[in-house]
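**Student:** So that we are looking at the same thing, I have put the structure below in C-alpha cells.
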Amino acid sequence: MKSKSYAAMGLAGALAFVLMRPAAALAEAPAGLVLAQQENCLSCHAVKRRVLGPSLDDIAERYSTRSDARQYLARKILEGSAGVWGTVPMPANTQVTPDEAAQLASWILTLK
C-alpha cells in the first residue's frame, strides 16, 4: 500500500514540475519576448523563422541601420502596414499602447 502512495506522490511531483516549467521559462525570457507573447505578436511572427509574417530577426536585420528604426517599427506595430513584406497585411494592433509598441520595437532591434 505504501508503494502506491509513494508512486502517487512521485506522479504529483512530476506533474507539478511539468505544469510549473512554462511559467518558470516565461519568467526567464526577455521582457520583450514576454510582451510579444502577451500581445499575440507570435501568432504571426517567430523570432527565427517566417510564419505568416517575417521573422523578428529579419525585421531587425532590415531596419537596424535606420536612424529612426525604433520609432518606425513602433508606428508599424500600432498602425499596421501593407505590401512591405509581401501580400499579407499586418493589422493595426489597437490593444498595444504606444509605450508597449516602443518596448517591442526596441527589443526586436536587439535581435540583430
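**Student:** Check Ser81: other-chain or 5+ apart residues with amide H under 5 Å from its amide H, H built from backbone geometry?
**Tutor:** Met90
**Student:** Sticking with the crude label model, points 7 Å out along Cα→Cβ, report the distance from Gln95 to Ala82 in nm, one decimal please.
**Tutor:** Each label point is offset 7 Å from its Cα along the Cβ direction, giving 2.3 nm.
**Student:** So between Ser106 and Leu52, what do we pick up on full extension, going 0.36 nm a residue minus the alpha carbon distance?
**Tutor:** Taking 0.36 nm per residue and subtracting the Cα distance, the gain is 17.3 nm.
**Student:** Further question: Residue by residue through the stretch 40-47, what is 3J(HN,Hα) from phi via Karplus (6.51 cos²θ - 1.76 cosθ + 1.60, θ = phi - 60°)? Round to whole Hz and write x for glycine and proline.
**Tutor:** Taking θ as phi minus 60°, the curve returns 6, 4, 7, 6, 10, 10, 10, 5 Hz for the stretch 40-47.
**Student:** Which net charge results for the neighbourhood of Pro54, defined as the other residues with beta-carbon distances under 12 angstrom from its beta-carbon, given Lys and Arg at +1 and Asp and Glu at -1?
**Tutor:** Cβ neighbours under 12 Å give a net charge of +2.
Every read-out reported here was derived from the displayed coordinates using simple, explicitly stated rules and does not represent laboratory data. The structure presented is a predicted model; accordingly, all values stated were derived computationally and were not measured. Here Cβ is always computed from backbone atoms with ideal geometry, including for glycine, and neighbour counts include all displayed protein chains.
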